Amino acid sequence: MADAFQVLAKPRRREVLRLVAERERTAGEIAERFDVTRQAVSQHLRILLDAGLVHERREGARRWYSARPEGLEDVRAYLEAI
């Protein structure tokens, strides 16, 4: 599992996480919000998934993404301790 701090160091990943925290979205919906390729957004989503920060739900050929708040527990604990 990737370190959440390293994963969230990239502003675009933080923005993707913010989007899926608002509501569940498809990869296509997320990609429409950025001026990068859909492949680049997919790479960010894969990294967020590997870090346990987002959840992926498959529905036919579509993949839906939502935030996993419990994935941020280590970050929260660290920030509360300082």
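The values are calculated or read from the model by the stated rules, or taken from the named source; none is laboratory data. Keep in mind that this is a model prediction, so the values were computed, not measured. All Cβ positions, even for glycine, are placed from backbone atoms using ideal geometry, and neighbour counts span all protein chains on display.
Structure data summary
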item: Considering residues of the range 17-56 that are of a type in the set (K, R), at pLDDT 95 or above and part of a helix (DSSP H, G or I) only, the residue farthest from R68 (Cα to Cα); result: R46
item: Qualifying residue in the range 62-74 (condition: outside any strand (DSSP E or B) and at pLDDT 95 or above); result: yes
item: Residues that are of a type in the set (F, W, Y) and surrounded by 13 or more Cβ atoms within 10 Å (Cβ to Cβ), drawn from the range 1-37; result: F34
item: Those residues of the range 49-73 which are in contact with a helix residue (DSSP H, G or I) (Cβ under 6 Å, 6 or more places away or on another chain), within 15 Å of V7 (Cβ to Cβ) and touching a residue at least 40 places away in the same chain (Cβ under 8 Å), in sequence order; result: A51, G52, L53, Y65, A67
